[in-house]
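Visitor: Structure in structure tokens, see below.
The values are calculated or read from the model by the stated rules, or taken from the named source; none is laboratory data. What you see is a predicted model; the values in this text were computed from it and never measured. Cβ placement follows ideal geometry from the backbone for every residue including glycine, while neighbour counts extend to all protein chains displayed.
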Amino acid sequence: GQQVMQIPQYQHVQEGEDFTTYCNSSTTLSNIQWYKQRPGGHPVFLIQLVKSGEVKKQKRLTFQFGEAKKNSSLHITATQTTDVGTYFCAGETSYDKVIFGPGTSLSVIP
Amino acid sequence: NAGVTQTPKFQVLKTGQSMTLQCAQDMNHNSMYWYRQDPGMGLRLIYYSASEGTTDKGEVPNGYNVSRLNKREFSLRLESAAPSQTSVYFCASSRQRVYEQYFGPGTRLTVT
């Protein structure tokens, strides 16, 4: 079946280092969404990308949608302790379904 | 504006007991969802309701039933709880089926 994968599963960084998580789909996506879940919390919507090759920025976060619309990335510049959490991508498939990836858990060492 | 609310926040059940998880949203959203979250598994869709009056199975529907009571409310029922249903359950809603989703605070369920 259709799958959305994310790598890495876990990432530990020193505060101030950069962080990137990658999202890959087995099929072409109509759009991709990114969510953040703080420890003990619930997922919170961050952004949606729709166009092939689209790049969007939110302060220190840069989101990219691949040219083939089968992959996406989230890059955080100069991580802070407030960035700790699990980042999920969710892709909309051609069958009008949204599939969540398993998430990347980010730890930031002060 | 409360967003998405869920009750209860915590629940402990014995194997075989039944219970209903309640979810309500005040954003006038058409679509609502139930997910379960287990360590390392991400969010797995149990059931969803694309619009009032319709419900459909998601990825892991076995052992669960749902009711879309009205546009605001979407409940999840466990008829005979099993230890494998120990999980954190999230309800979510969205304006339409593939728009961004807004999640409730979750229910932590333990089945012994």
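Visitor: Is it true that B:Thr107 is touching a Lys or Arg at 6+ places or on another chain (Cβ under 7 Å), more than 29 Å from A:Thr104 (Cα to Cα) and β-branched (Val, Ile, Thr)?
Guide: On the way: touching a Lys or Arg at 6+ places or on another chain (Cβ under 7 Å): yes; more than 29 Å from A:Thr104 (Cα to Cα): no; β-branched (Val, Ile, Thr): yes.
So B:Thr107 fails the test.
Visitor: Considering only region A:48-66, I want to know if a residue exists there that is closer than 19 Å to B:Phe103 by Cα and not aromatic (Phe, Trp, Tyr). Outline the logic, then answer.
Guide: Keep residues of region A:48-66 that are closer than 19 Å to B:Phe103 by Cα, which gives A:48.
Filter again for not aromatic (Phe, Trp, Tyr), leaving A:48.
The answer is yes, given that some residue of region A:48-66 is closer than 19 Å to B:Phe103 by Cα and not aromatic (Phe, Trp, Tyr).
Visitor: Among B:Val88, B:Val12, which is in contact with a Lys or Arg (Cβ under 6 Å, 6 or more places away or on another chain), part of a strand (DSSP E or B) and aliphatic (A, V, I, L, M)? If you could, list the steps in order and put the result at the bottom.
Guide: Working: B:Val12 fails: in contact with a Lys or Arg (Cβ under 6 Å, 6 or more places away or on another chain).
Sole residue among the options that is in contact with a Lys or Arg (Cβ under 6 Å, 6 or more places away or on another chain), part of a strand (DSSP E or B) and aliphatic (A, V, I, L, M): B:Val88.
Visitor: Filter region A:82-97 down to the residues that are more than 9 Å from every other protein chain (Cβ to nearest Cβ), in contact (Cβ under 8 Å) with a residue 60 or more places away in the chain, among the small types (Gly, Ala, Ser) and not in a loop (DSSP other than H, G, I, E, B) and list them by number.
Guide: Listed by number, the list holds a single entry, A:Gly91.
Visitor: Could you list, in sequence order, all residues of region B:100-112 that are part of a loop (DSSP other than H, G, I, E, B) and in contact with a Ser or Thr (Cβ under 8 Å, 6 or more places away or on another chain)?
Guide: B:Glu100, B:Gln101, B:Gly104, B:Pro105, B:Thr112
Visitor: All but one of (1) within 13 Å of the chain's Cα centre (by Cα); (2) at pLDDT below 95 hold for B:Tyr33; state the number of the condition that does not hold.
Guide: The number of the failed condition is (2).
Visitor: Output the qualifying pairs, or none if there are none: Cβ atoms under 6 angstrom, residues six or more apart or on different chains, first residue in region B:24-46 and at positive phi, second residue surrounded by fewer than 23 Cβ atoms within 10 Å (Cβ to Cβ) and outside any strand (DSSP E or B).
Guide: Taking only residues 6 or more apart or on different chains, the pairs are B:Gly42/A:Pro102.
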